[in-house]
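S.K.: Following this message is one structure expressed as C-alpha cells.
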Amino acid sequence: MSKPSPEVYERGRGMDAHNQVMRDIRSEKEAEYDPHEPTRVWLDEDNTPGGVKRSLTIILNTGGCRWARAGGCTMCGYVAESVEGGSVPHDAMMDQIQACLDHEAEEADEPAPLVKIYTSGSFLDEREVAAETRDAVAETFADRERVVLESLPDFVDADKLRDFTDRGLDADVAVGLETATDRVRHDCVNKYFDFADFEAACAEAGDAGAGVKAYLLMKPPFLTEGEAVDDMVSSVERCAAVDNCHTVSMNPCNVQRYTMVDELHFRGGYRPPWLWSVAAVLERTADADAIVVSDPVGHGSDRGPHNCGDCDDRVQKAIKDFDLRQDPSVFEQVSCDCERTWELVVSEEPSFGAPLTR
Ligand code: SF4
Ligand SMILES: [Zn+2]
C-alpha cells in the first residue's frame with residue numbers, strides 16, 4: 001500500500017509532529033478491500049428523539065477519510081486509503097447499499113425505521129460520496145423514518161441534507177467532535193477543527209431541519225483518568241447546550257492497531273478508561289438537555305475500556321440499560337471492590353509532565 005500523504009486541503013492543519021508519526025504508523029498497514037462490499041453492517045436498536053427504534057447500521061467503504069491521509073487522529077485505526085485509487089465509483093457504492101439491504105432482509109422481519117450510515121470519514125464529503133450517490137441513497141431509504149449520516153463539520157451543508165429532509169426523513173449528522181475542549185481535541189486527538197466549527201455545523205444542519213448527534217471520545221492519550229472524566233462531563237454539558245444537538249454519544253477510547261495510542265499502550269503509556277469512569281460521566285450528566293448514550297467497544301479487554309475483570313460485564317450491561325432508559329439509578333445496582341482502586345486512580349494518577357526543576 002502507498003504511504004498516505006496530505007493533500008493541499010489538509011496541509012497546515014493539526015499538529016505536524018502528530019501527523020508525521022501517524023502517517024508513518026498507518027503506512028505499515030497492508031490491506032486490500034473490495035469496493036463492492038460494505039465495511040460492516042449490523043442490526044441493533046437505538047435511542048432517538050422519537051423513542052427507541054430498531055436500527056440498521058452501515059459502514060460504507062468510501063475510500064477513506066481525508067484527514068487520515070494527512071496522518072489524522074491519534075486513536076483512529078481506520079484506513080487512510082481503503083481502496084485502490086482512493087475513491088469508490090457510484091455503481092460500486094450502490095452494490096454496497098444493496099448488500100446491506102440483503103443482510104437486513106435475511107436477518108429481520110421488517111425494514112428498520114432508523115438507518116445509520118457511517119463511512120469512517122464523511123458521508124457528506126463529495127470526494128467520498130458523490131452527489132449522485134448521496135441522492136440515490138436518500139431515495140433508497142426514503143420510506144424509513146430517520147437517517148443518521150456521519151460527517152466532519154466542514155462538509156455539513158444544508159443543501160446536501162435536504163436530499164434527505166425534502167424526502168420526509170428525519171435526518172441527523174453524526175459529528176466526531178471527540179471533546180468540547182479545543183486544546184484536548186487539537187493536542188491529544190490531533191483533530192483540526194474547533195468547537196466553534198461544530199456549533200456552526202449544528203446551525204447549518206438546523207437550516208435543513210436536521211439535527212446533530214455529537215460523538216465524544218473518553219480518554220484520548222495524554223490525559224489522566226481524572227482529567228478524562230472532567231473533560232467528558234464538561235463536553236457533554238457544552239454539547240447539550242448547543243441548539244440542534246439533541247444526542248451525545250460518549251464513547252471510551254479503545255486501542256486500535258496502527259495508531260499512536262497503540263504504540264503508547266505497548267510501552268505502558270496508555271490505559272483505556274475504566275468502565276466506572278463511563279458510568280460516572282453518565283451519572284453526572286443525567287440532567288443534561290440531550291440524550292446521552294455510550295457504547296463501549298471491546299469492554300473488559302486489555303485494549304478496551306475495562307475494570308477489574310469480575311465486574312466488567314455487569315457494568316457494561318448497566319451502561320446499555322442507561323442508553324435505552326436514561327435512568328441513572330441503573331448504576332446504583334452495580335458495585336465491586338475495584339471501585340476503590342478506580343477512585344484512587346481518578347484522584348492520584350499523575351499527568352504526563354516534565355519536571356520543572358532537577
Ligand atoms: S477519527 Fe474520523 S477524522 Fe479522525 S482520522 Fe479517523 S476517520 Fe478521520
Ligand atoms: Zn470490579
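The values are calculated or read from the model by the stated rules, or taken from the named source; none is laboratory data. Keep in mind that what you see is a predicted model, and the values were worked out from it rather than measured. Every residue, glycine as well, gets a Cβ built from its backbone with ideal geometry; the counts of neighbours run over all protein chains shown. Note: accessible area is taken over every heavy atom of the protein model, side chains too, but ligands, DNA and RNA are not part of it. Shrake-Rupley method; radii C 1.70, N 1.55, O 1.52, S 1.80 Å.
S.K.: Out of the residues in segment 192-228 that are among the aliphatic types (A, V, I, L, M), in a helix (DSSP H, G or I) and touching a strand residue (DSSP E or B) at 6+ places or on another chain (Cβ under 8 Å), which is nearest to Ala158 (Cα to Cα)? Working first, answer last.
M.R.: The first filter runs over segment 192-228 and keeps only residues among the aliphatic types (A, V, I, L, M), leaving 196, 200-201, 203, 205, 208, 210, 212, 214, 216-218, 223, 228.
When the remaining residues are screened for being in a helix (DSSP H, G or I), the result is 196, 200-201, 203, 205, 228.
Right, trim to touching a strand residue (DSSP E or B) at 6+ places or on another chain (Cβ under 8 Å) and you get 201, 205, 228.
Numbers: Ala201: 9, Ala205: 6, Ala228: 33 Å.
Ranking the candidates gives Ala205 first.
S.K.: Okay, moving on. Between Ser329, Ser335, Ser351, which is open to solvent by 70 Å² or more (accessible area, probe 1.4 Å) and either in contact with an Asp or Glu (Cβ under 7 Å, 6 or more places away or on another chain) or hydroxyl-bearing (Ser, Thr, Tyr) (or both)?
M.R.: Ser335
S.K.: With (1) within 16 Å of ligand 1 (Cβ to nearest atom); (2) open to solvent by less than 30 Å² (accessible area, probe 1.4 Å); (3) without any contact (Cβ under 8 Å) to a residue 40 or more places away in the chain as the list, and Glu150 as the residue in question, which single condition is left unmet?
M.R.: Going through (1) within 16 Å of ligand 1 (Cβ to nearest atom); (2) open to solvent by less than 30 Å² (accessible area, probe 1.4 Å); (3) without any contact (Cβ under 8 Å) to a residue 40 or more places away in the chain one by one, Glu150 breaks only (2).
S.K.: Let me ask another. Is it the case that segment 159-167 has a residue that's surrounded by fewer than 16 Cβ atoms within 10 Å (Cβ to Cβ) and either within 16 Å of ligand 1 (Cβ to nearest atom) or not in a loop (DSSP other than H, G, I, E, B) (or both)?
M.R.: Here is the first cut: in segment 159-167, the ones surrounded by fewer than 16 Cβ atoms within 10 Å (Cβ to Cβ) are 159, 166.
Now narrow it down to the ones that are either within 16 Å of ligand 1 (Cβ to nearest atom) or not in a loop (DSSP other than H, G, I, E, B) (or both): 159.
Yes, there is a match, as at least one residue in segment 159-167 is surrounded by fewer than 16 Cβ atoms within 10 Å (Cβ to Cβ) and either within 16 Å of ligand 1 (Cβ to nearest atom) or not in a loop (DSSP other than H, G, I, E, B) (or both).
S.K.: For the list (1) under 24 Å from His18 (Cβ atoms); (2) in contact with a Ser or Thr (Cβ under 6 Å, 6 or more places away or on another chain), I need the number of the one condition that Ala171 fails.
M.R.: For Ala171, the exception is condition (1).
S.K.: Here's another thing I want to ask about it. Taking the condition of being away from ligand 2 (no atom under 14 Å from the Cβ) and hydrophobic (A, V, I, L, M, F, W, C), how many residues in segment 287-318 meet it?
M.R.: Residues of segment 287-318 away from ligand 2 (no atom under 14 Å from the Cβ): 287-298, 301-304.
Applying the additional criterion that residues be hydrophobic (A, V, I, L, M, F, W, C) yields 288, 290-293, 297.
Here the count works out to 6.
S.K.: Of all residues in segment 310-358, which are more than 20 Å from Ser294 (Cα to Cα), in a helix (DSSP H, G or I) and of a type in the set (Gly, Ala, Ser)?
M.R.: Correct list: Ser347 only.
S.K.: Taking the residues in segment 267-321 that are closer than 16 Å to Pro220 by Cα and among the aromatic types (Phe, Trp, Tyr) as candidates, determine which candidate is surrounded by the fewest Cβ atoms within 10 Å (Cβ to Cβ).
M.R.: Restricting to residues being closer than 16 Å to Pro220 by Cα and among the aromatic types (Phe, Trp, Tyr), the top hit is Tyr270.
S.K.: Of Ala112, Ala138, Ala180, which residue is under 29 Å from Ser234 (Cβ atoms), more than 16 Å from ligand 2 (Cβ to nearest atom) and open to solvent by less than 10 Å² (accessible area, probe 1.4 Å)?
M.R.: Values: Ala112 fails: under 29 Å from Ser234 (Cβ atoms); Ala138 fails: under 29 Å from Ser234 (Cβ atoms).
On inspection, the qualifying residue turns out to be Ala180.
S.K.: OK, next. Residue by residue through segment 45-58, note down the ones that are open to solvent by 60 Å² or more (accessible area, probe 1.4 Å) and farther than 10 Å from Val115 by Cα.
M.R.: From segment 45-58, those open to solvent by 60 Å² or more (accessible area, probe 1.4 Å) are 45, 49, 52, 54; that's our starting set.
Glu45, Pro49, Val52, listed by residue number.
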